[in-house]
Amino acid sequence: MSRTTCPYCGVGCGVRATPLGDRTLKIEGDADHPANRGKLCSKGTHLGETVGLGGRLLHPMIAGKRASWDKALDLVARRLQETIAKHGPDSVAFYISGQLLTEDYYVANKLMKGFIGSGNIDTNSRLCMSSAVAGHVRAFGEDVVPAGYDDLDQADLFVLVGSNTAWCHPIVYQRMQAAREKRGAKLVVIDPRRTETCEDADLHLAIRPGSDVALMNGLLAHALRAGLVDLAYLEASVSVPQGFWDIVGQGSDLWSVARICDVSPEQLLRFYELFAAHPRTVTLFSQGINQALRGTDQVNAIINVHLATGRIGKAGAAPFSITGQPNAMGGREVGGLASTLAAHMDFTPDHVARVGRFWSAPRMATKSGLKAVEMFRAVEEGRIKAIWVMATNPAVSMPDANRVRDALAACPFVVVSDVMADTDTGRFAHVRLPAAAWAEKDGTVTNSERRISRQRQVLPLPGETKPDWWIVKETAARMGWASAFAYEGPADIYREHARLSAYENRGERLFNLRRHAAIGNHAYEAMEPTRWGRLPFAHGRFPTPDGKARLVSTVQAALPEPLKDWPLTLNTGRYRDQWHTMTRTGLSPKLARHREEPLVEINPDDAERLGLKEGDIARVATPQGQSLFRVQPSEGQRRGEIFTPIHWTGRQSTGGRTGLLPRPLTDPHSGQPGFKSTPATIEKVEIEWRAFLILRGEAVAATLPPALWATRITVSGGALYELAGTGDDKLLDGWLPAGARVEAADPARGSRRIAVIVDDRLAAVLFLTRTGELPGRDWLIAQLDAPQVTPTLLAGRAPGAQPDCGPVICVCLDIGLKTIVGAIVEQELTDVAAIGKAIGAGTNCGSCRPALARILAETVTNAEKIHAVE
Ligand code: SF4
C-alpha cells in the first residue's frame, strides 16, 4: 500500500493505493491525511478504474512513427535550439499544466526562464485561478491563500461565490456540511445557477452574471453603515486608497444593489443580516469568480470585505480561493505562470538577479512571458515557431478552441508530452513523448490550503514512459545545460526548489520551505502532508513594503444587455463525475453513468419559447463557433442563460465541444479568459432517427459512427454510443463487427434492431427508431459480460419483468433515479439519511447526497401536488 494524493481537484485528498496485480488498484481514502480524513468523492473513489493501459502512449513518436527516446529528444532539443538561434528566445513557448507535479513544474520553469531566457511558459491554471493570484498579490503583496480547511471546522457562516462546490470540490462541501450539522453553521450560495450546492443552503442568491462587484460593494457599504467595519484593524494593518469609501458607497443602497444583481431586496437583506450575525465567515470562491472578464476585481471585492471587517488571519474567518487542479498551487509556488518568475518572486530587476544567481543562469528572462490566450495568438501569428505542450489539451480547453487548433496546425514545430496516445492536441504534434501517469509518478503537489503532499509511485512505468521532470532534464542536457539539470530524482529537485524559496529570504516572502532545504532522500520519501505559512496574517502583518494589506477600489462594470443576434448568455462548467477532457475519468464505466451525454441546460420557459423539448438535439452557437448538445430544461437556469459542460472532445462526441464557444477575451490584470458569459444562440436540430449502439471492447474504434449526433461512453465490457441523425441510417450497419447477425424490423415505425453474436457471446447491438421508443440500455450493456446470449435480446430486456432503474444517481452503489423515488414514496422517507438507510444511496463517497436532497424535495413536492388535486 502506498500513501499518495488524488490527481483531480485542488482539495488534494490523501489516497491509499494498493496494487492488486494486473495493473488494478484498490483505492481508499487516507484517514491520516488532514485534507480528507479518509473520505473520497466519487472521482477519487473510482481512481482504480482509470489506471489501465488502454489508450496510453507508450513510446516516443516522431511524425506518427515510433522512435527511440534518443532520437525524439535530440530532435526536440535541436529544433528548439535552431528556432532560438534564428528567431530569439521568445520564439519558443511551453504550455504546461496543473496536472504536473511541483518537481516537473520546477524543471520546466527553470529551463525556460533561466536558460532559454524567455518568460514564455504558461500553464492551464491560467484558465482557472490566475485572477485569484492577481487579486492576492494586489491585496496582500504575495500570492498567499489566507485560509485552510481547519477554518471550515470553525466558521459559523460559509459564503460560496461562483462555486458549485458539491460537484467540483465535494470533500470541502462535505466538510462544510459536517460543520453545519454539528454546529449549525449557515450557508449562503451566490451563483446565477441553482446547482446542487444550493439544495440545502440557508440562502441562494441567483445573481445576474457579472454583478459580483456590486454585491460585495453593497455588502461592504452595509457593513460600514451597520458598524461592522473594524476601524482599529484598518488603522493598524490595511492601506485604504483615497476615495475608496466613496466608490464603495456609490449606488450601494439596498434597492440599487438588488436591482443590479437582479435579486429581491429581502433576499439581499437576509444575506447582509447573516453576514452581520456571524463574524467567523469564510468566503469560498472559484471559477464563477475567476473566469470572468473582471475576475481580479471580483476577487478583490471579496477580499475587501474581509479586510475591512477584520475577518482574516483569525480561526474560521478568511477569503478562500479553492483551486481547480490538483497542483495549481504547486505551479504558483514554482512560478509556472508567465507573469511570475519563481518561488513567489516576479520580474523586478532584484528578483531576476537573485534567481539568476541561484540558478547560475546563463540567460535570465527579464520580463513576463505570454499568457495562455496571448501565447496561442502568437502561435497563430507565427511569432512563436515552436511550442511544447505538457499534460494538457488546449485544442479542447482553450476559449475559441477552433482557432487554437488552426494555430497548432500551422505551427512549424509542436511537441506534446502526454499520457494518452490520442488527444485532440496530440493530433497536431510533430513529436509525441510518452509521460508517466498519476499512479506511476513520484513527487509533490500542493493543494488549495497550501498543504504539500507526496504523490508516490504505485505502479511501474509501462512501456517506455518517463516522468515529466526526466523528459525536460534530458532535453536541457541536450541543449548544453547538463550540469544545471543533473537531477537523479524528484528529491533533488524538491530540495533545490525549497532552497530557492529560502534564498536571500529575510522574511519578505511568506513562501519559504527553509526546513526542507536539506531534506534527505529518506525523509522526502516519508514526508507527511505539510503546510507552509501555517497562520498567515495572524498578526495583521502582510508581505508588502509597509507591512499592510491593501484595499483595492473596485467598480462594478456596466453589465451588457442581450444582443439582438446573440440574445442568450452561455455559462460553462464541470460535471460532478468527470474531470477536464475525460482522458482519465472517461475510462471509468461508473463515472460515465452520472452524465452520459453533453447537455445544454436551459430555463424551461426559454425552452418552450424556442420550441425545445427534453432530449432534443440543439445547436448552440456563438460568434466563435457552434456545437451540438442534448437539451435539458432546468429550473436551475435563469431565463436568458444556458449552461454547457467543459469535458467533451472530438474523440468522444460529434458535439458537446464547449471550448470552441467562448470568446478569447481576458481579464486585464490576470489574463484569465472570461468563460462564464458568452453571447450565444440556440436552435433545435431536426432529427429523423435516434439510435444506440453497444459494442464489446475489441470492436470499439477511435473514431465515431457516421451520425449527426454521436457520443461514446465507456461501459463495463465495451462502449455505448448514443446516436441521432437524418437520412439513410444504413451506414451504421458498417460499424457492426463481423459475426452472426440476428435482426428484427418494424417498417411501420422505421425501427430496426440488430444483434451480432461472436463465439456465442454478444459482440454488438444496434437499436434504431424513427418514430418509436428505445428501450433502456442497462440490461443490454450487462449482456456484454454474459456467458451466453439471451433469446429475448432484441426485446431489449430479460425474460419476465425487468425494472428500469433510471439514470444512475449513486454511482458507487449503482442506484438509479427510479429506485430512489420509489423508495421515498413507498417507505415515506423524509431525509437523505433515511434514503441511505433504506437503499444505501449516498452512504459511500457521499457525492450524490445533494442530488438525493433535490430528488427528495421534488418527489415530496410532486406528491403534495397530486394530493392537492385528489
Ligand atoms: Fe479527489 Fe474528490 Fe478529493 Fe477532489 S474532492 S481531491 S476529486 S477525492
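The values are calculated or read from the model by the stated rules, or taken from the named source; none is laboratory data. On a predicted model such as this, the values are computed, not experimentally measured, just so you know. Backbone-built Cβ (ideal geometry, glycine too); neighbour counts: all protein chains shown.
For every residue, the table says whether it meets (1) over 29 Å from Glu181 (Cβ atoms); (2) touching a residue at least 40 places away in the same chain (Cβ under 8 Å); (3) crowded, with 17+ Cβ neighbours inside 10 Å.
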| residue | (1), (2), (3) |
| --- | --- |
| Ala764 | yes, yes, yes |
| Gly772 | yes, no, no |
| Ile781 | yes, yes, yes |
| Pro787 | yes, no, no |
| Ile809 | no, yes, yes |
| Asp814 | no, yes, no |
| Gly822 | no, no, no |
| Val832 | no, no, yes |
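Suppose the filter is in contact with a strand residue (DSSP E or B) (Cβ under 8 Å, 6 or more places away or on another chain), within 16 Å of the ligand (Cβ to nearest atom) and assigned to a strand (DSSP E or B); does Arg37 pass it?
Working: in contact with a strand residue (DSSP E or B) (Cβ under 8 Å, 6 or more places away or on another chain): yes; within 16 Å of the ligand (Cβ to nearest atom): yes; assigned to a strand (DSSP E or B): no.
When the stated conditions are applied, Arg37 does not pass them.
For region 215-236, which residues satisfy the criterion of being in a loop (DSSP other than H, G, I, E, B) and either among the polar types (S, T, N, Q) or at negative phi (or both)?
Our first condition is that a residue be in a loop (DSSP other than H, G, I, E, B); within region 215-236, this holds for 226-230.
Residues satisfying the conditions are Ala226, Leu228, Val229, Asp230.
Residues of region 681-704 being in a loop (DSSP other than H, G, I, E, B) and farther than 30 Å from Met420 by Cβ, which ones? Break it down stepwise before answering.
Residues of region 681-704 in a loop (DSSP other than H, G, I, E, B): 686-688, 700-704.
The answer is Glu686, Ile687, Glu688.
Restricting the search to region 832-851, which residues are out of contact with any Leu (no Cβ under 7 Å at 6 or more places or on another chain), away from the ligand (no atom under 16 Å from the Cβ) and farther than 18 Å from Arg175 by Cβ? Explain how you work it out, then say what you get.
As a first pass, look at region 832-851 and keep what is out of contact with any Leu (no Cβ under 7 Å at 6 or more places or on another chain): 833-834, 836-837, 839, 843, 846-851.
If we keep only those that are away from the ligand (no atom under 16 Å from the Cβ) as well, we get 833-834, 836-837, 839, 843.
Hits for region 832-851 are Ala834, Gly836, Lys837, Ile839.
Just checking, does region 62-69 include any residue being within 16 Å of the ligand (Cβ to nearest atom) and of a type outside the set (A, V, I, L, M, F, W, C)? Steps first, please.
The first filter runs over region 62-69 and keeps only residues within 16 Å of the ligand (Cβ to nearest atom), leaving none.
So far as region 62-69 goes, no, none of its residues is within 16 Å of the ligand (Cβ to nearest atom) and of a type outside the set (A, V, I, L, M, F, W, C).
What's the total number of residues in region 253-277 that are assigned to a loop (DSSP other than H, G, I, E, B) and within 27 Å of Val133 (Cα to Cα)?
Here the count works out to 0.
Taking region 368-394 on its own, how many of its residues are charged (D, E, K, R) and in contact with a strand residue (DSSP E or B) (Cβ under 9 Å, 6 or more places away or on another chain)?
Residues of region 368-394 charged (D, E, K, R): 371, 374, 377, 380-381, 383, 385.
Adding the requirement that they be in contact with a strand residue (DSSP E or B) (Cβ under 9 Å, 6 or more places away or on another chain) leaves 371, 374, 385.
So the answer is 3.
So which of Gly615, Gly611, Gly640, Gly636 ends up being in contact with a Ser or Thr (Cβ under 8 Å, 6 or more places away or on another chain), more than 19 Å from Leu293 (Cβ to Cβ) and more than 16 Å from the ligand (Cβ to nearest atom)?
So the residue among Gly615, Gly611, Gly640, Gly636 that is in contact with a Ser or Thr (Cβ under 8 Å, 6 or more places away or on another chain), more than 19 Å from Leu293 (Cβ to Cβ) and more than 16 Å from the ligand (Cβ to nearest atom) is Gly636.
Can you tell me which residue in region 178-193 is farthest from the ligand (Cβ to nearest atom), limited to those that are of a type outside the set (A, V, I, L, M) and surrounded by fewer than 22 Cβ atoms within 10 Å (Cβ to Cβ)?
Going through the qualifying residues, I end up with Gly184.
Within the set of pairs 6 or more residues apart or between chains, which connect a residue that is under 19 Å from Ala502 (Cβ atoms) inside region 519-545 to a residue that is of a type in the set (Val, Ile, Thr) and in a strand (DSSP E or B) with Cβ atoms less than 6 Å apart?
Thr530/Ile452
Checking Leu794 against (1) in contact with a strand residue (DSSP E or B) (Cβ under 9 Å, 6 or more places away or on another chain); (2) in a helix (DSSP H, G or I); (3) buried (at least 20 other Cβ atoms within 10 Å of the Cβ), only one condition comes out false. Which one?
For Leu794, the exception is condition (3).
So which of Thr843, Thr861 ends up being modelled with pLDDT under 90, assigned to a loop (DSSP other than H, G, I, E, B), of a type in the set (Ser, Thr, Tyr) and out of contact with any Asp or Glu (no Cβ under 9 Å at 6 or more places or on another chain)? I'd like the intermediate steps shown before the answer.
Working: Thr861 fails: assigned to a loop (DSSP other than H, G, I, E, B).
Every option except Thr843 fails the conditions.
Taking the criterion of being surrounded by 21 or more Cβ atoms within 10 Å (Cβ to Cβ) and farther than 21 Å from Arg403 by Cα, would at least one residue in region 642-665 satisfy it?
So far as region 642-665 goes, yes, one or more of its residues are surrounded by 21 or more Cβ atoms within 10 Å (Cβ to Cβ) and farther than 21 Å from Arg403 by Cα.
Of the numbered conditions (1) farther than 16 Å from Gly141 by Cβ; (2) buried (at least 18 other Cβ atoms within 10 Å of the Cβ), Ser339 fails exactly one; give the number of that condition.
The number of the failed condition is (1).
Out of Leu58, Leu80, report the one residue that is away from the ligand (no atom under 16 Å from the Cβ), at pLDDT 95 or above and within 30 Å of Arg3 (Cβ to Cβ).
Leu58
Could you tell me whether Gly44 is among the small types (Gly, Ala, Ser), more than 8 Å from the ligand (Cβ to nearest atom) and either in contact (Cβ under 8 Å) with a residue 40 or more places away in the chain or part of a loop (DSSP other than H, G, I, E, B) (or both)? Even if it seems obvious, please write down each step before you answer.
On the way: among the small types (Gly, Ala, Ser): yes; more than 8 Å from the ligand (Cβ to nearest atom): no; either in contact (Cβ under 8 Å) with a residue 40 or more places away in the chain or part of a loop (DSSP other than H, G, I, E, B) (or both): yes.
When the stated conditions are applied, Gly44 does not pass them.
So which helices (runs of 4 or more DSSP H) are wholly in region 310-416 and hold at least 2 residues that are more than 30 Å from Ser453 (Cα to Cα) and of a type in the set (Asp, Glu)?
Passing ranges, in order: 372-380.
Looking at Lys113, is it away from the ligand (no atom under 16 Å from the Cβ) and in a helix (DSSP H, G or I)?
Numbers: away from the ligand (no atom under 16 Å from the Cβ): yes; in a helix (DSSP H, G or I): yes.
When the stated conditions are applied, Lys113 passes them.
Of the residues Leu856, Leu768, which is more than 16 Å from the ligand (Cβ to nearest atom) and touching a strand residue (DSSP E or B) at 6+ places or on another chain (Cβ under 6 Å)?
None of the others qualify; the one that does is Leu768.
Among the residues of region 675-683, is any within 22 Å of Gly727 (Cα to Cα) and either surrounded by fewer than 19 Cβ atoms within 10 Å (Cβ to Cβ) or at pLDDT below 95 (or both)?
yes
What pairs come up if the first residue lies in region 304-326 and is at positive phi, the second is assigned to a loop (DSSP other than H, G, I, E, B) and acidic (Asp, Glu), and their beta carbons are under 8 Å apart, counting only those six or more places apart or on different chains?
Close Cβ pairs (under 8 Å, with a partner that is assigned to a loop (DSSP other than H, G, I, E, B) and acidic (Asp, Glu)) amount to Gly310/Asp230; Gly316/Asp156.
Exactly one condition in (1) modelled with pLDDT under 95; (2) closer than 22 Å to Tyr173 by Cβ; (3) surrounded by 24 or more Cβ atoms within 10 Å (Cβ to Cβ) is false for Gln99; which is it?
(2)
Give Arg377, Arg432 a once-over and let me know the one that is buried (at least 24 other Cβ atoms within 10 Å of the Cβ), charged (D, E, K, R) and under 17 Å from Tyr95 (Cα atoms).
Testing whether each residue is buried (at least 24 other Cβ atoms within 10 Å of the Cβ), charged (D, E, K, R) and under 17 Å from Tyr95 (Cα atoms) leaves just Arg432.
Quick check on my filter: what residues within region 123-177 are buried (at least 24 other Cβ atoms within 10 Å of the Cβ) and at positive phi?
Gly162 - this is the single residue of region 123-177 that is buried (at least 24 other Cβ atoms within 10 Å of the Cβ) and at positive phi.
Return the residues of region 14-31 that are away from the ligand (no atom under 12 Å from the Cβ) and farther than 17 Å from Val445 by Cα; say none if nothing qualifies.
Passing the criteria: Thr18, Pro19, Leu20, Gly21, Asp22, Arg23, Thr24, Leu25, Lys26, Ala31.
So, of the residues in region 278-296 that are assigned to a helix (DSSP H, G or I) and out of contact with any Asp or Glu (no Cβ under 8 Å at 6 or more places or on another chain), which turns out to be surrounded by the most Cβ atoms within 10 Å (Cβ to Cβ)?
Checking each candidate, the answer is Asn290.
Given the conditions (1) within 16 Å of the ligand (Cβ to nearest atom); (2) among the aliphatic types (A, V, I, L, M); (3) touching a Gly at 6+ places or on another chain (Cβ under 9 Å), report the number of the one that Val51 does not fulfil.
Only one criterion is unmet by Val51, namely (3).
Within region 69-85, is even one residue surrounded by 14 or more Cβ atoms within 10 Å (Cβ to Cβ) and assigned to a strand (DSSP E or B)?
No, that holds for no residue.
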